[in-house]
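Accompanying notes for the structure given below.
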Amino acid sequence: MFDKLKRLKDQSNIVFKSKFLANLNPAERYEFLQLCHRRSYKEGEYVFYKNDPGTGMYFIEKGKIQLTIGTPDDEAPDEIISELELESPDSFGALSIGYNLRRKSSAKCTTDCDLLGFFKPDFEVLRDRHPQIAVKFLQTLTNIALRQLETTAKKLAEVSSEQLALNIQFQTYYEANREEKV
């Protein structure tokens with residue numbers, strides 16, 4: 001009984017405090033989370049590795065996750081290692097739902113973790129059952145992707161030039177459009 005109450009409290013923490021779900025009202029958040037799958041991981045276990053296919057996103061119900069970009073490698077000792085630690089009610093891996101992307105980081109549990117996974121097939125169910133929630137979900141993904149693009153372009157302009165940053169942005173846009181037409 002106590003475990004069930006604690007789990008309900010942890011899940012409600014996600015429902016009411018998750019930045020990712022902020023544009024959904026409480027009833028919509030509840031419907032969204034009904035499609036999530038609880039997964040338990042042990043300390044030191046990986047949820048996914050860099051370059052894995054992106055199959056879904058995760059909400060941290062309990063525990064801490066370390067996202068790592070880059071790996072120490074004898075062949076590339078100067079490679080930049082970047083780490084970020086997340087905990088409840090954080091989420092990670094969201095762009096894998098709306099976009100066919102490989103993982104940009106590895107996700108490792110630094111403590112025992114309970115995660116709620118939301119995967120591509122779950123999104124399809126959400127889209128069919130609650131299209132208005134699916135649209136809000138996609139709006140959130142789009143906002144995240146656009147913020148990342150803008151921030152990346154600004155940082156690239158700082159270390160190189162604004163011209164180079166904009167040139168890369170334009171080229172990738174038009175290259176993608178040409179590939180779709182072929």
Any hit, the stretch 109-121, residues being open to solvent by 20 Å² or more (accessible area, probe 1.4 Å), under 20 Å from THR142 (Cβ atoms) and either in contact with a strand residue (DSSP E or B) (Cβ under 9 Å, 6 or more places away or on another chain) or not in a loop (DSSP other than H, G, I, E, B) (or both): yes
Number of positions in the stretch 130-152 that are among the hydrophobic types (A, V, I, L, M, F, W, C) and buried (at least 16 other Cβ atoms within 10 Å of the Cβ): 4
Check on ARG127, open to solvent by 60 Å² or more (accessible area, probe 1.4 Å) and within 24 Å of ALA22 (Cα to Cα): yes
Residues being more than 16 Å from the chain's Cα centre (by Cα), at pLDDT 65 or above and open to solvent by less than 70 Å² (accessible area, probe 1.4 Å) - total across the stretch 68-106: 2
Residue check for GLY93: on the phi > 0 side of the Ramachandran plot and not aromatic (Phe, Trp, Tyr): yes
Restricting the stretch 17-62 to residues that are among the acidic types (Asp, Glu) and either part of a helix (DSSP H, G or I) or open to solvent by 70 Å² or more (accessible area, probe 1.4 Å) (or both), the residue that is modelled with the lowest pLDDT: GLU31
Condition met for ALA134 (within 26 Å of THR68 (Cα to Cα) and either among the aliphatic types (A, V, I, L, M) or not in a helix (DSSP H, G or I) (or both)): no
Number of positions in the stretch 155-174 that are of a type in the set (Val, Ile, Thr) and touching a helix residue (DSSP H, G or I) at 6+ places or on another chain (Cβ under 8 Å): 1
Matching entry among ILE14, ILE65 (being at pLDDT 90 or above, surrounded by 16 or more Cβ atoms within 10 Å (Cβ to Cβ) and either part of a helix (DSSP H, G or I) or within 13 Å of the chain's Cα centre (by Cα) (or both)): ILE65
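The values are calculated or read from the model by the stated rules, or taken from the named source; none is laboratory data. Everything numeric in this text was worked out from a predicted model, so none of it was measured. No Cβ is skipped: glycine too gets one built from the backbone with ideal geometry, and neighbour counts run over all protein chains shown. SASA here: full protein model, heavy atoms, side chains in, ligands and nucleic acids out. Shrake-Rupley method; radii C 1.70, N 1.55, O 1.52, S 1.80 Å.
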